[in-house]
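Notes to accompany the following structure.
Please treat every number below as a calculation from the coordinates, not as lab data. Please read all numbers here as calculations on a predicted model, not as lab measurements. Reconstructed Cβ throughout: ideal geometry from the backbone, glycine too, with neighbour counts over all protein chains shown.
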Amino acid sequence: MANENKNNSSYKVYVFVFFSAVLLALSLWVVWDDEFGLRPWKKYQEEFKTMKHDQLEKDYRKAVVEFQRSGGHKRLAELEAQLAKAETSFQSGGTQEKYKQLTKQFDDLHAQSAINQKELQNARGLFLETEYYFTKTQKPEYKVKMDELQRQIDAITLRGNALQKKEEVLKNSISAITSGKAHLEAEIERMKSGLEDLKEKIANNNKVAVEIKQIHIKDIDKADRCQTCHIGIDGKRQVSLLQPFARHPASFVYLDHHDPTKFGCTFCHRGQGRATTSTEKAHGNVKHWDEPLLAGDMTQTSCLNCHGDIKGLRGAEEIVNSTELLKKYGCYSCHKIPGYETMGDVGPVLTEVGTKVNYSWAVKWLLDPKLYFSTARMPKFFFTQDQAESIADYLFSMSGTTRHDVDYSKETPNAKLVEQGKALWSQARCNLCHTTGGRGGNHVKVYAPDLSKVGSKVNKEWLFRWLKNPNAYFPGTKMPRFRFTDEDIKSLVEYITSEYKDDEAEPKYVQPVEIQVASIKKGKDLVQKYGCYGCHKLQGMEEMVQIAPSLKSQGVSFLRGDEMREKIGTELSSIGSKPLEMLDFGKLKKSIPNDRLSYIKQKLRDPRGYRLGLRMPDFRLAESEINELAAVLYGFTDSNVPVRFMVPSRQELDRMAGVQSYKFTGDFAKVIADVKCTNCHSIRGIGADYAPDLSYAGSKLQEGWIRNFLANPDVIRPLLQQMPKLGLTSGKPAAKITMPRFNLGQQKVEDTNRTDVDVVINFFQQELVSNDIPKKIPVITTMTMPEQISKGKNLYDEKGCKSCHQIGTEGGALGPNLSNVGNRLNPGFIFKHLENARKFKPDIVEPDYGFTERERIYLTNFLMTLKLNTK
Amino acid sequence: MKRLPEITDKVKRNLIWKSIFRRDYRNNVRDRAQAIFGNVFLHLHPVQVRESAVKLRFTWGMGGITFFAFITLVITGVVLMFYYHPTIDQAYTDIKDLEFQVPFGVILRNLHRWGAHFMVIVVMIHMFRVFMTGSYKAPRQFNWGIGVFLLVLTFLLSFTGYLTPWDQLGFWAITVGTNMGAATPLLGYQGPFSEYLHITPYNDVRFALLGGAQVGGNALLRSYIWHCVAIPLISIILMFVHFWRVRKDGGISKPQK
Amino acid sequence: MNPFIEIITQPDNIAIVIMIIMVTFFMVWAFQQAFQNDRLLAAGLPVDGEKDKFVDTFKPLVRIELIIAIVVMVGLTVWSIAVDAPLEEIANPTITPNPAKAPWYFLGLQELLVYFDPWLAGVVLPSLIVVGLLAIPYIDINPKGNGYYTFSERKYAIMIFSFGFFVLWLLLIVIGVFFRGPGWLWYWPWQEWDHARVVFEPTKDLTSLIGVDSRSLPGFIIGALVVGSYLVGGMIAPYRYWKKNNPELLAKLGIVRYVTIIFLFITMMSIPIKMVLRLVFLIKYIWITPWFNV
């Protein structure tokens, strides 16, 4: 039986051996793969080490060469020779004898004091023991012994001190003998140490372990292992520009303010921080990881995660620009976006648009706004002619019952009025905001429509009313109310309607035609479906008795307020982290990459491309705008950033602190609402940064100057904004622009007796003042005024102020012109400004000269003498 | 080469060797029997078996393969437990770290996962084989019953393990699976007649399974404990009964006519 | 073709592919041996293994066990090296994947949800499967075919078991894995999954076929009658048949065993019947009661 088994089993042995061999091979492969295949970063770290080694080696060689070139080696040789000499003289004769003797004495003494020390310890130990028994038994013999021991201790201590002193003396005499040598040795050491340090660096680099390097943020258990490959990312020195070895770009902005050991990498860059096995996995460009890596400027989108205010945030310039775009197109009108809930309407009120524009124009505009002018902000809704007419009918029926046009092209304009109007046009600097054709529109942050064809769009009556009081037609418009007289307005209207005409306009309804009720109803449905009320106010017309009773009797009704409140678009508050499953790629699933960013971009490129029935209009964004907007949207995430990383906006901070945000009050608020100063100026954080900040204008400016300036801005105005930008800050260089003439001072503010200039001045002096800025400057009694002034003049020349500032025609143009500064600024402001310019304007380029108080008084007094006589 | 026998001889005379193997093996009937009942692992077997048991074509080795898969899973599973916390904050990252950081983590997890699938497959095939050879018939009826329970336990082992990585796949598989529990007649809140027992989502069968009305931290802990402690223990006990009964019922079934 | 490859190469689905291959292989092997033995039986020869001698366990059995263990280990290692275990996004209760599938071995039950309400598909039927499996040794009173592969001697037992195992269990699993897409709609493996796809099937209840509202009392009664007559008829018909043709069998079975067998059988057969009703006649419910629907 046993034999049978054997024969039977011979092939089984081969099977066994074969599979065992296979299993062994597989096991070896698994070990190899785990050691190398799954740990590609080892290669990177080795490579980095080699490169760093080469760099340090090079440094070292350079230092050696430098050392030799500067004669270091000669000096070293010299020192070494001296040392050798000192050595020989030390070795020879009496010195050596004496040294040996002293050393021996010292050693003996040292041995003695060691013995002494031991005795002392013993005595103390005995004392403590005796004390213990004494306290326990209170037997007097212990007390006696204690006293005895105490005496011993004192004696030994005394002896010890004496020995110590002797030792000290001996030590000094020994070191006196060897001091020359020691000094030389130290010098040599010092000379060598620079090179030694470099050598040590090389040695240290070789010792760096090849291992997974991670930043672990404990409380949220976040582990970013990015540095395992990006080994040089926070190094002090660039080792290689190649990835993954390069340093973090602009690390003084990003890393210095976000300590990598506290923030890690993936809060800003996303990606899969834990992954180490492949680039794709680490960068999150794999299935089942929803947060692919952000690189380059795109990373700035992450600033939005934590920073409530990104305005002026260093390193976030791109994303700041991009958010401007979001405001420009008014995305928040249809989509809920956190932080933008209280933004105003982007489009004008349309309730009475029938009294404003031509019907033919409205239809054409609805069909495609860009046909009217190319910079139009309103998107294209792809309406058919029929649909566009229905909507126009609905809008026109809110203020009438007819389709109607006016046509001025046949009329002959009044040449004199046109002439006057033209002058006013340029005085009021209409072109600052409005473009006409290719001209104007420098103030990019205020969107104003192109006016080159406006004469064929609106009627004269409306234009007159508009210019007289824009707020009456469109509350909340950015258009200021210029204090024109009725004659002024008439001439302006004449000028505008005759100058800016559309040659291609086809007014079809010069003879008004009754609007069809069916069309209005259709228009109403369209308005509701496409949510026109998102950007345009359409409310207030529920009751239409006065306007068109005839329509009401035919059953026409307008949308009520509660029918228009909802935002019709998708909420965007977390679009940047929306799971892919929730993004509907529809029919483009196969043709575009299925990731979040591609989805957003494609949606902006072709809003209705994913499937039928989508409603979002086409803004015809440029590819650059698409990229910018996508970057912003990508930053709207619901990522769980720890609260400690949050930088709330000023508003939020105020709210948290229970402080009311700054608000204009009283009559000045009325002036602001009318003249819209904050379109250009910023006051206490409100407004734009187009013109100088007026937060402390009351402390800064003199009343007389303000009056003159407001009355006649283009005459007295210093050439402040003509300063060349020199590329110190980002953005377009400012063109030569000046403040429009608002004709303030000619009218009373409503409900008051005061003129608007008085109100402005009053507000400036009451509100826009700082306690830090003194009203008057200290007076120096020991010196006459002319002396002080001449001292100031000297200082002005000495410190080279004129290389930036101009007086008269002399001096540079980098700083403000000071020719009339004595009329413009308060002395207190100048005094304070000279102390710390940055206090009031943090980004100012003026250097800090560290003037003493006296010097500042001299300078102020000198500057106050600079006055131009303009009357 | 010549000295090899000498060396082996020396080794075999060594005290340590002798303490382990007791006696030399001489390939006679006595020693072959001794090899089986003298070994704690092998003594599960009888000393002699029928030829069919040695041939693959009758049993396909499926029972043994199932047991082997189970052992593999226990070993890999125990090692995996070192790297795993059954909490919703850590579970997922622990699995990620298995891939990215733990030495041999990838192969461990893969072996465990695929071993589990493999065990479910072979246990089903084992049942099929036992049915096809009629091996559940007398006297093995009871052992078939044990086998059925072991089959169900295998499914449950795999099912409870599905949730442990705390990813979408496991989460929704468990959600779908346990939602069935909510439809239990009388005891599930969506099941028939449950309203007569005042059953709500908070006191029904599914609540008991999940430790909550939804799959959450408690469900993860429960599935972990069922997966790593309770079901393996029950399975091991039943396995011993199963193996014991195979022996006591006469070993591999033989044709009885 | 691409979607097909994508589906079968999904890490977890590779297990199903392996299962299909293994099950097919062993099914063929089992039946081949069964037919071989049948031929031997027909010729009056001893079946495979009948003339077995005893062999020592050490080493033939131990050796073969070791070899199998190594082969299995090699297989598992190759599988583990070649395919990484899946790990999807972190669990998120707010995002429901479509389709949300149970682990593959329960997909047969999930598939049943198309045809039955959850209390039946998810609780009652699985319990009955376990009960049925446990009952097999006690209700199969055929003494033949014990310890060897055969088909001819236990045709009915093997056919019923195979139907349950291969069709109602494994086939439904394969359908659930490979043929069910978003919305649990049917997709052929070469079809692209379309998450927006809507399929409207105007299902109705049995009684509405004859114009009776299934939720009304008459509908309730008719439904109850249909279900009841299926159960009662299913019980009586075989009894009558066997009483006439094979009374000894009936006597051997006894009443308890008879009722158990027939109950399990008609329950099992109700699954394909309901599937046909649902797929071919678009019937959703047969019997609607205030408490449950069948």
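Annotation: lysines with alpha-carbon distance below 20 angstrom to A:Lys700 (same-chain offsets under eight excluded): A:Lys775, A:Lys776, A:Lys832, A:Lys839, A:Lys841, A:Lys867. How far is the Cα center of segment C:179-204 from the Cα center of segment B:181-257, in Å? Here the two parts' Cα centres lie 33 Å apart.
Where both bridge residues fall in chain A, DSSP classifies roughly 95% of the beta bridges as antiparallel.
Among the residues of C:144-155, the average count of other protein chain beta-carbon atoms within 10 Å of the residue beta-carbon is 6. Legend: distances between Cα atoms for A:Lys416/A:Lys445; A:Lys453/A:Lys478; A:Lys327/A:Lys567; pairs beyond 25 Å are A:Lys416/A:Lys445. Counting Cβ atoms of other protein chains within 10 Å of each residue's Cβ and taking the mean over peptide B:55-61 gives 5. Between A:Gln117 and A:Leu24, full extension at 0.36 nm per residue minus the direct alpha carbon distance yields a gain of 26.6 nm.
Annotation: lysines with alpha-carbon distance below 23 angstrom to A:Lys166 (same-chain offsets under eight excluded): A:Lys98, A:Lys100, A:Lys104, A:Lys118. Here the sum of -39500 (n - 2.57) over DSSP H runs of 4 or more residues, divided by the residues of the protein assembly as shown, equals -16500 deg cm²/dmol at 222 nm, to the nearest 500. Put in line by how crowded their Cβ is, counting other Cβ atoms within 10 Å and starting with the fewest, A:Arg159, B:Arg140 read A:Arg159, B:Arg140. Straight-distance candidates among the aspartates and glutamates for linking to B:Lys96, with alpha-carbon spacing under 17 Å and chain neighbours fewer than 8 residues away dropped: A:Asp34, A:Asp221, A:Asp224, A:Glu280, A:Asp290, A:Glu291, B:Asp167, C:Asp84, C:Glu88, C:Glu89.
Pairs A:Lys262/A:Lys601; A:Lys287/A:Lys529; A:Lys380/A:Lys663; A:Lys281/A:Lys590: which exceed 30 Å Cα-Cα?
A:Lys262/A:Lys601; A:Lys287/A:Lys529; A:Lys380/A:Lys663
From the alpha carbon centroid of segment A:383-408 to that of segment B:35-95 is 83 Å. In whole Å, what is the distance between the alpha-carbon centres of segment A:60-130 and segment B:127-167? Comparing the Cα centres of segment A:60-130 and segment B:127-167, I get a distance of 85 Å.
Going by a ≥ b ≥ c, the root eigenvalues of the Cα gyration tensor, does chain A fall in the rounded group (a/c under 1.5), the prolate group (a/b larger than b/c) or the oblate group? Verdict is oblate for chain A.
How would you classify segment A:71-207 from its alpha-carbon gyration tensor, with a ≥ b ≥ c the square roots of the eigenvalues: rounded for a/c under 1.5, else prolate if a/b is greater than b/c, otherwise oblate? Since a/c reaches 1.5 but b/c is at least a/b, the shape of segment A:71-207 is classed as oblate. The overall shape of segment B:1-48, judged from the alpha-carbon gyration tensor, is prolate: a/c is not under 1.5, and a/b is greater than b/c. Inter-chain neighbour count for C:123-134: the average number of beta-carbon atoms from partner chains within 10 Å of each residue's beta-carbon is 4.
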